[in-house]
Amino acid sequence: MDDGNIGIFGSSGYGKSFTVMMLLLNLAERKSPEQLHYYIFDFGNGTLLPLRQLPHTADYFLMDQMRKIEKFMTIIKQEIARRKQLFQQREVSNIKMYNALSSEELPLIFITIDNFDLVKEEMQDLEMQFTQLVRDGQSLGIYMIFTATRVNSIRQSLMNNLKTKVVHYLMDHSEAYSILGRTPYALESIPGRAIIKTDQPYFAQLFLPAEGKDDFEIFDAVKLHIQRLKNQYADAIVPEPVPMLSSKLVLVEFMTDRRVIREKGVIPLGLDEEFVRPVHMNFTKNKHCIVMGQTQKGKTNVVKVILQTALEQGVKQIGLFDSVDRSLSSYAAEEQVVYMETKEQIIDWLDLTEERLQRREIKYLEAVQEGTVHSLSFAPIMLVVDGFVRFQQNLDSVLQDRITKLMKNYSHLGFNLIVAGNNNEFSKGFDALTTEVKQISQAVLLMKKTEQSLFTLPYDRKEADINPGFGYYIKSGKETRIQIPLCVSERKILT
């Protein structure tokens with residue numbers, strides 16, 4: 001039964017879910033997790049829950065996990081496109097031929113939906129997509145198993161693509177006739193009794209998935225069976241689940257991810273919501289960054305993530321101007337940080353910074369003459385501002401011009417500006433500094449795209465609210481929805 005789609009029908013209580021379980025366990029006995037992947041949609045009463053532990057089970061879905069289901073549909077469509085391309089390259093038409101010729105076999109994929117009636121009633125968009133999968137997937141080694149209580153839950157276009165139909169007892173006998181046509185057998189109201197129709201009908205009593213006097217004993221035996229399979233395939237490479245974000249992400253844990261890039265000037269910012277892969281800011285390519293959002297949406301946390309990583313990377317020159325609640329005051333003790341409160345302190349830091357950058361400029365111009373610019377690299381000099389309006393209140397037009405000049409003339413020499421504030425702080429001002437800040441093309445947006453006017457981004461009719469810990473990373477007009485780690489400041493204790 002591993003060469004086609006299967007539809008299992010029957011009234012409640014006559015063994016549909018047990019039939020699915022028996023089929024999947026039998027297939028798992030015959031094929032390893034490298035050869036066979038399961039995706040199980042349990043929209044019934046939870047009978048298939050033990051199969052979640054099978055090493056062959058890539059993922060298990062419940063009816064309220066719509067975001068996870070949407071991601072799965074994207075993944076499986078990409079897999080169908082990939083397999084079609086591979087088959088064209090090999091000039092074969094089905095999975096058996098491809099695996100016979102190829103050195104790397106493609107696994108069979110079984111998508112199981114228990115209680116398809118629910119899809120028909122409440123998930124019309126999904127129903128059309130599943131119908132398409134049945135049509136496109138069969139020759140590619142992507143099969144579907146459905147169970148349904150009512151025959152009219154399955155569209156005729158889908159029914160025509162079911163190679164095997166298993167019909168348990170149905171209260172309405174006319175429904176059985178509509179699936180099976182005229183047969184020499186009559187369905188009996190006995191759990192497990194069924195008519196199996198492939199090319200011709202067979203009258204059968206189906207096996208239970210395991211031995212037991214009642215459902216409890218059967219479930220215990222199934223769990224033992226699954227444990228044996230786990231032991232049997234302990235060294236096998238198991239299929240990847242649908243990538244989903246965890247409910248909480250902490251910076252310390254995030255930085256242990258092997259996929260995080262550890263290069264100077266590259267700041268790991270969070271996880272891509274779609275693919276759950278690390279997203280990075282590269283200050284060597286995009287020199288400045290805006291952090292924008294309303295109050296209590298996590299702006300200061302983003303600034304902390306950037307500061308923490310910069311300090312760990314050994315950035316030695318950071319000018320820090322804090323917000324009104326002094327949330328970043330713990331960084332004042334850092335040797336590399338100049339914590340600025342007053343206009344005079346800002347002037348002193350700018351004097352020192354301009355002097356350093358002018359020396360770098362001389363070195364840069366010499367390298368231009370000698371043709372050795374490519375071998376030059378400059379350590380970052382960062383100006384970090386949390387609370388743009390409060391910072392502006394400490395500046396006069398001369399200071400605004402000086403910072404603007406640093407942004408325009410010295411970014412290529414290592415000057416980086418990170419500035420945090422709300423939408424109004426950036427959009428309302430027309431002074432030289434605000435005008436220059438508006439040109440920054442890199443940002444972390446902690447609000448809905450439609451609630452800001454600084455960046456022109458594609459409109460999303462179904463855009464979800466932005467909760468604390470989430471946002472968008474924007475670079476050159478393209479946005480990526482991300483989960484941002486919580487930076488729990490663990491200051492170094494000097495002894």
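The values are calculated or read from the model by the stated rules, or taken from the named source; none is laboratory data. Since we're looking at a predicted model, the values are computed, not measured. Neighbour counts are summed over all protein chains in view; Cβ atoms, including those assigned to glycine, are modelled from backbone coordinates with ideal geometry.
Key figures for this structure:
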quantity: Residue within segment 142-160 that is among the hydrophobic types (A, V, I, L, M, F, W, C), part of a strand (DSSP E or B) and without any contact (Cβ under 8 Å) to a residue 40 or more places away in the chain present; calculated: no
quantity: Any hit, segment 186-196, residues being assigned by TED's automatic domain parsing to the domain that holds GLY13, in a loop (DSSP other than H, G, I, E, B), crowded, with 17+ Cβ neighbours inside 10 Å and without any contact (Cβ under 8 Å) to a residue 24 or more places away in the chain; calculated: yes
quantity: Residue match in segment 412-425 (condition: surrounded by fewer than 17 Cβ atoms within 10 Å (Cβ to Cβ) and among the small types (Gly, Ala, Ser)); calculated: no
quantity: Residues of segment 319-368 satisfying the condition of being outside any helix (DSSP H, G or I), loosely packed, with under 15 Cβ neighbours inside 10 Å and in contact (Cβ under 8 Å) with a residue 60 or more places away in the chain; calculated: VAL324
quantity: Members of segment 176-197 found to be under 24 Å from GLU127 (Cα atoms) and either at pLDDT 85 or above or in contact with a Lys or Arg (Cβ under 7 Å, 6 or more places away or on another chain) (or both), listed by number; calculated: ILE179, LEU180, LYS197
quantity: Options ARG67, ARG83, ARG135: the member that is part of a helix (DSSP H, G or I), basic (Lys, Arg) and crowded, with 17+ Cβ neighbours inside 10 Å; calculated: ARG83
quantity: Test: residue in segment 223-242 that is touching a strand residue (DSSP E or B) at 6+ places or on another chain (Cβ under 7 Å), in the same structural domain as PHE72 (by TED's automatic domain parsing) and loosely packed, with under 13 Cβ neighbours inside 10 Å; calculated: no
quantity: Flag for LEU101 being surrounded by 14 or more Cβ atoms within 10 Å (Cβ to Cβ), under 35 Å from the mean Cα position of the chain (by Cα) and not small (Gly, Ala, Ser); calculated: no
quantity: Some residue of segment 12-22 being touching a strand residue (DSSP E or B) at 6+ places or on another chain (Cβ under 9 Å), within 13 Å of PHE110 (Cα to Cα), buried (at least 19 other Cβ atoms within 10 Å of the Cβ) and not aromatic (Phe, Trp, Tyr); calculated: yes
quantity: Odd one out for SER32 among (1) of a type outside the set (Lys, Arg); (2) surrounded by 20 or more Cβ atoms within 10 Å (Cβ to Cβ); (3) more than 22 Å from the chain's Cα centre (by Cα); calculated: (2)
quantity: Within segment 24-59, considering residues that are touching an Asp or Glu at 6+ places or on another chain (Cβ under 7 Å) and of a type in the set (A, V, I, L, M), the one farthest from GLY13 (Cα to Cα); calculated: ALA58
quantity: Yes/no for ILE267 being free of Cβ contacts under 8 Å to residues at least 60 places away in the same chain, farther than 30 Å from LEU54 by Cα and not in a loop (DSSP other than H, G, I, E, B); calculated: yes
quantity: Candidate set from segment 238-259 (those that are among the β-branched types (Val, Ile, Thr) and in contact (Cβ under 8 Å) with a residue 60 or more places away in the chain); member that is farthest from PHE61 (Cα to Cα); calculated: VAL252
